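Asks: Let me begin by handing over the structure; questions about it come next.
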Amino acid sequence: MREITLSKAVNEAIAEEMRRDPSVFLIGEDVAEAGTPFKVLSGLVEEFGTDRIIDTPISEPGFMGLAVGAAMTGSRPIVDLMFGDFLFLVMDQLCNQAAKAHYMSGGKLKVPLVLRTNLGATRRSAAQHSQSLHALVAHIPGLKVALPSSAYEAKGLLKTAIRDDNPVVIFEDKLMYQEKAPVPEEEYLIPFGKAEVLRPGRDITIVATSSMVQVAQKAAVLLERDGIAAEIIDPRTIVPLDMETILASVRRTGRAMVVDEGHQSFGVTAEIASRIAERAFYHLDAPVQRIGAMDVPVPFSPVLEDMTVPTPESVAERGRLTVRGELFHAA
Amino acid sequence: MNARKTNAEAYLRMYRQMVRIRVFEDNANQLYLSAKMPGLTHMYSGQEAVAVGICEVLTRDDKITSTHRGHGHCVAKGAEFKEMFCELLGRAEGYCGGKGGSMHIADQSNGNLGANAIVGGSMGIATGAALSAKRLGRKDVTVCFFGDGATAQGLLYEVMNMAALWKLPVIYACENNGYSEYTKTAEIAAGSLPARAEAFGIEAFKVDGQDVLAVNKLAERLVARCRKGEGPFFIQLDTYRYHGHHVGDINREYYRSKDEEALWKTERDPIVNFGRWLAAEGLATPEELASIDAEVGAEAGAAVAYALAAPFPDASQVGRHVFTDMIVA
Ligand SMILES: Cc1ncc(C[n+]2csc(CCOP(=O)(O)OP(=O)(O)O)c2C)c(N)n1
Ligand SMILES: [Mg+2]
C-alpha cells in the first residue's frame, strides 16, 4: 500500500468530500494560498477557489460563529483553527451555540460542522501553542470528538466527521503532520465510536489516544523485553467512546492503563479509568493506572518540556510495576 | 388607488402583529406573576414596531436571529401562539419540545434561527446564515436583532468586518431601548453606534423605532438592496422597553424613573400612535381596530388555556436531540 503523510491524508479527505458535496466549504486563517502554517491545505484553493477555501481575518470567535450559522442553513463548514490552544477563543460559539442548538430547538436546528484543530507538545512552542485540550470539549454534551493517531485514521475519521450531522471537533497531532503511514488509494471511512485494537496482549491493556498511541506502542516493545504482553487500544473517538472494546480487553488482561496527552487532572485518563473501575472492577488485578501530561503550563525549555509528557519509558515503567504488583512501592 | 390604500392590507397586518406581540407579552407576564411559568422571561412590550416593521418585509425564507428578549421577533416572523406558549410553559408541543423555553425559542419553519441567552451570541450565526445564502446562490436575507448592550461584545466587530469584506446579505438591527439590564446605554457605549459600522464601510442608519412605518420603509429599502448584493447594513432603532429588564424586575426606580416610563407609554406608544394614524387616514375605523384587539385577545386566551392543559414532555425526551443520531442514556 502507498504511504502518505498525515498532512496529505487530511488534504485528501477534504478534497474528496468537497468534490462529493458542494455544500462543504472550509474557513479559517491563511487557509487558501498559504495552505495553513503546516501546509496541510496546499493546493485546495487551486481546485476549489476562494469561494470554498475562505481566508478570514484573525477573528476566531467570528468565523466560528459564521460556521454555526452557515451549518444551520444548509452548508457543511469545516473550520480550520490554527492551534488547539485557540479553542479558548471560540468556546462560546462552539459550546454555547453549536453544541446546544439541536437540543435547545428540540431537534429542529442542525449544526453539521467540523472544527479541525490540533494538539501536542514538544515542538518547543511553549504554553500557548502546545496544549492538548480535547477533554475540554469532550465535556460538553452535543460535541463529538475525534482523535486520529495516524494518517490512515486522520483521513477516515475526517471524512466521517464531514458527513456527520453534528458538530465534530477533530484534533490532529501536529507532530505527526509529516509522518507517513499506509493509506489506501480507494475511498474508506472510519466509523465513530469503534475502538481499534492495535496490538493484542494478555498482561495489560493500554488505552492510548492520538499522539500517545505511538508512545504506547514503543512502551509495548520495551515491556515485551521483560516478557510482558501489552494490548493497545486506540479509541479513535472519545465522544462517542467505545467502552465495550476497552472493557472486553480489560476483563481478559485484568490490568489497565490509560495514556493521553491532555493534562492528567479532570481529563480523558480520569474518565476512562473511572469507567473501567465502575464496570470491570471485579476483573482487575491491580488499580487502573493513568498517565497524562503534567498539570503545569507547557514550559519552553526542552529539558523541562520533555518532563511534562508521557514517554515510552515512563509508560513502560508504570506498566511493569502494574503487572508485577509493585505499584504500592512506587506510591 | 393611492399608495396608502394599496398598502392598507400590509398596514393592518402590521397593526395586528404589533397587537399580537403586546398581548402575547401581557399574557406571558400574567403567567409569570401567577407562578404558572417556570423561570423568568424578558418582555418585548414597547418595542413592537421594530420587529414588525422589519419582519413585514421579510419572506418566510429570509432568516432572523433573535435575543433573550425574543418573543416579539418570533411572533413577527410568523410563529403561532399555541406553540409559543407551550414552549414558555415547558410543554411537549412547544416549538422546541419544551427544551428551549423563552430564551431559546427557535422556529425553523419560519426562518427564525433562534433566540439566544448569550448577549451578542447570535451575531456570528446571522452572518454565517448570510454567508450560506450567498455561497449557495439563494436570495434570502438575514436580519440580526440585538440590543444596545450587545454592541459591547467584540464578536459584533469581527463579524461586521467579514460581512463588509464579503458583501454579505445581512442587516444588523440594533434595538436601542436605552438600557442594558440596569444600566443606561450612555454609560456603556462610547461614541456613536452607527459610526462603528461605518468604520467598516457599512452603510448605517438611525430610525425612530416607535414608528412602524418609518422602520418598515427603511427595512423595505435595505432588504431589497441586500437581495441585490448591496449589503450588509446597520440600523440603530431607538425604542423603549415598558417592563423591567425581566418580569421579576419590578422595583426599578433606582435606575429608571416612573416619569420617564410614563412619558414613553403615553406619548410614544407604537401601537396607539399607529392606530391613530390608520384612523386618521381612513384606513381603519376605531371599531375595526378594536375588533382586531378583541380577536387577538381571544386568540391568546385560547392559546394560554391550551398550553396550560398541554402535556409535559415524556421522560424519554431528556436524552434525545443531544445528537442527531445517538440517544444519551
Ligand atoms: C454574555 C452575556 N453577558 C451577560 C448576560 C446577562 N444579561 C442578559 S440580558 C443583558 C442586557 C442586554 O442588554 P441589551 O443588549 O441592550 O438588550 P435588552 O435587554 O435591552 O433587550 C445582560 C447583561 C448574558 N445573558 N450574556
Ligand atoms: Mg437594551
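Each value in this text was obtained by applying a stated rule to the coordinates, not by laboratory testing. Computed from a prediction, not measured in an experiment: that's the story for all the values here. Every residue, glycine among them, receives a Cβ derived from its backbone with ideal geometry; neighbour counts consider all protein chains shown.
Asks: Treating cross-link reach as a plain straight distance, find the lysines whose alpha-carbon is under 19 Å from the alpha-carbon of B:Lys206, omitting any fewer than eight places away in the same chain.
Replies: B:Lys184, B:Lys217
Asks: Taking every residue in A:105-118, how many Cβ atoms of other protein chains lie within 10 Å of its Cβ, on average?
Replies: Per residue, the number of nearby Cβ atoms from other chains is 5 on average.
Asks: What does the charge count near A:Ser211 come to, summing +1 for each Lys or Arg and -1 for each Asp or Glu among other residues with Cβ under 10 Å from its Cβ?
Replies: -3
Asks: Can you sort B:Thr285, B:Thr65, A:Thr237, A:Thr160 so the residue with the fewest Cβ neighbours within 10 Å comes first?
Replies: Ascending number of Cβ neighbours within 10 Å: B:Thr285, A:Thr160, A:Thr237, B:Thr65.
Asks: Still on this model: Leaving out same-chain residues fewer than 8 places away, which lysines sit with a Cα under 25 Å from that of A:Lys218?
Replies: Output for A:Lys218: A:Lys8, A:Lys155, A:Lys174, A:Lys180, A:Lys194.
Asks: Then there's this: Hey, what did the range B:134-190 get for relative contact order, percent, Cα under 8 Å, at least 6 apart?
Replies: After rounding, I find 48 percent.
Asks: For every other residue with a beta carbon closer than 13 angstrom to the beta carbon of B:Gly98, add +1 if it is Lys or Arg and -1 if Asp or Glu, then tell me the sum.
Replies: Taking every other residue near B:Gly98 into account, the sum is 0.
Asks: Please sort A:52-60, A:105-113 by packing, taking for each peptide the average over its residues of neighbouring beta carbons within 10 angstrom, highest first.
Replies: Taking the mean over residues of other Cβ atoms within 10 Å, the ranking is A:105-113, A:52-60.
Asks: If you count the DSSP beta bridges with both ends in the protein assembly as shown, what percent of them are antiparallel, to the nearest 5?
Replies: Expressed as a percentage, antiparallel bridges in the protein assembly as shown total about 15.
Asks: Let me ask another. Test of understanding: express the Cα radius of gyration of chain A as a ratio to 2.2 N^0.38 Å, with N the residue count.
Replies: This ratio for chain A stands at 0.99.
Asks: What is the log10 of I(q)/I(0) for the range A:196-326, computed with the Debye formula using one identical point scatterer on each Cα and no solvent, at q = 0.10 Å⁻¹?
Replies: For the range A:196-326 at q = 0.10 Å⁻¹, log10 I(q)/I(0) is -0.28.
Asks: Enter the mean number of other protein chain beta carbons within 10 Å of the beta carbon of each residue in B:316-322, as an integer.
Replies: Per residue, the number of nearby Cβ atoms from other chains is 4 on average.
Asks: Within 10 Å, Cβ to Cβ, of A:Arg116, how many net charges do the neighbouring residues add up to if Lys/Arg are +1 and Asp/Glu are -1?
Replies: Result for the neighbourhood of A:Arg116: -2.
Asks: Report the calculated FRET efficiency for B:Arg276 and B:Arg221 (r = Cβ-Cβ distance, R0 = 30 Å), to the nearest 0.05.
Replies: 0.75
Asks: Taking beta carbons within 10 Å but only from partner chains, what does the mean come to for residues B:151-163?
Replies: Rounded to a whole number, the mean comes out at 4.
Asks: Would the range B:3-317 count as rounded, prolate or oblate if I go by the C-alpha gyration tensor, calling it rounded below 1.5 in a/c and otherwise prolate when a/b exceeds b/c, oblate otherwise?
Replies: Taking the square roots of the gyration eigenvalues as a ≥ b ≥ c, the range B:3-317 is rounded.
Asks: Only four residue types carry charge here, +1 at the Cβ of Lys and Arg and -1 at the Cβ of Asp and Glu. Report the dipole size of chain A about the Cα centre in Debye, rounded to the nearest 20.
Replies: The calculated dipole for chain A is roughly 800 debye.
Asks: Just name one of A:Ile206, A:Ala316, A:His283: the one whose Cα is farthest towards the positive end of the charge dipole of the range A:196-326 (beta-carbon charges, Lys/Arg +1, Asp/Glu -1).
Replies: Checking the options against the dipole of the range A:196-326, the answer is A:His283.
Asks: Ok, one more. Which of the listed residues, A:Ala273, A:Ala181, B:Ser45, is farthest toward the dipole's positive end in the protein assembly as shown, when Lys, Arg count +1 and Asp, Glu count -1 at the beta-carbon?
Replies: A:Ala181
Asks: Label 7 Å along Cα→Cβ of A:Glu326; the range A:298-317 residues with amide nitrogen under 19 Å?
Replies: A:311-317
Asks: Something else: About its Cα centre, what dipole magnitude does the range A:3-182 give when the only charges are +1 on Lys and Arg Cβ and -1 on Asp and Glu Cβ, stated in debye to the nearest 20?
Replies: 460
Asks: Let me ask you something else. Measuring from centroid to centroid over Cα atoms, what is the spacing of the range A:1-69 and the range B:249-316 in Å?
Replies: If you average the Cα positions of each part, the centres end up 50 Å apart.
Asks: Which of the peptides A:293-302, B:44-53, A:141-150 is most tightly packed, and how do the rest follow, judged by the mean count of other Cβ atoms within 10 Å per residue?
Replies: Result, highest mean first: B:44-53, A:141-150, A:293-302.
Asks: What Kirkwood hydrodynamic radius, in Å, does the range A:32-177 give when the mean of 1/r is taken over all pairs of distinct Cα atoms and then inverted?
Replies: 15.6
Asks: If packing is taken as the mean number of other Cβ atoms within 10 Å per residue, what is the order of B:129-138, A:252-261, B:149-158, B:223-232, highest first?
Replies: Sorting B:129-138, A:252-261, B:149-158, B:223-232 by mean packing, highest first, produces A:252-261, B:129-138, B:149-158, B:223-232.
Asks: Please check: in the Gaussian network model of chain A (C-alpha springs, under 10 Å), which one of A:Leu81, A:Leu133, A:Leu66 has the largest mean-square fluctuation.
Replies: Highest fluctuation among the options: A:Leu66.
Asks: What is the distance in Å between the Cα centroid of the range A:288-331 and that of the range A:96-161?
Replies: For the range A:288-331 versus the range A:96-161, the Cα centre distance is 26 Å.
Asks: A follow-up question, please. Equivalent ellipsoid semi-axes for the protein assembly as shown, as square roots of 5 times the alpha carbon gyration tensor eigenvalues: give them largest first, rounded to whole Å.
Replies: Each semi-axis is the square root of five times an eigenvalue, giving 53, 27, 21 Å.
Asks: Counting DSSP beta bridges in chain A, what percent are antiparallel, to the nearest 5?
Replies: 20
Asks: Another question, then. Check the straight Cα-Cα distances from A:Lys100 and name the aspartates and glutamates below 18 Å, setting aside those fewer than 8 residues away within the same chain.
Replies: A:Lys100 reaches A:Asp92, A:Asp164, A:Asp165, B:Glu87, B:Asp107, B:Asp325.
Asks: List the residues whose amide H sits under 5 Å from the amide H of A:Leu198, counting only those 5 or more places along or on another chain, with H placed 1.01 Å from N in the peptide plane.
Replies: For A:Leu198, the qualifying residues are A:Ile232, A:Ile233, A:Asp234.
Asks: Using the Cα centre as the reference, give the magnitude of the dipole from point charges on the C-beta atoms of the range B:3-317 (Lys, Arg: +1; Asp, Glu: -1; all else neutral), rounded to the nearest 20 debye.
Replies: The calculation lands at about 900 debye.
Asks: Based on other C-beta atoms within 10 Å, arrange B:Phe312, A:Phe25 from fewest to most.
Replies: Exposure proxy ranking, most exposed first: B:Phe312, A:Phe25.
Asks: Given the options A:Tyr188, A:Tyr282, A:Tyr177, which has the most mean-square fluctuation in a GNM of chain A, springs set between C-alpha atoms less than 10 angstrom apart?
Replies: The residue with the greatest mean-square fluctuation here is A:Tyr282.
Asks: Based on DSSP, what percent of beta bridges with both residues in the range B:3-317 are antiparallel, to the nearest 5?
Replies: Roughly 10 percent of the DSSP beta bridges within the range B:3-317 come out antiparallel.
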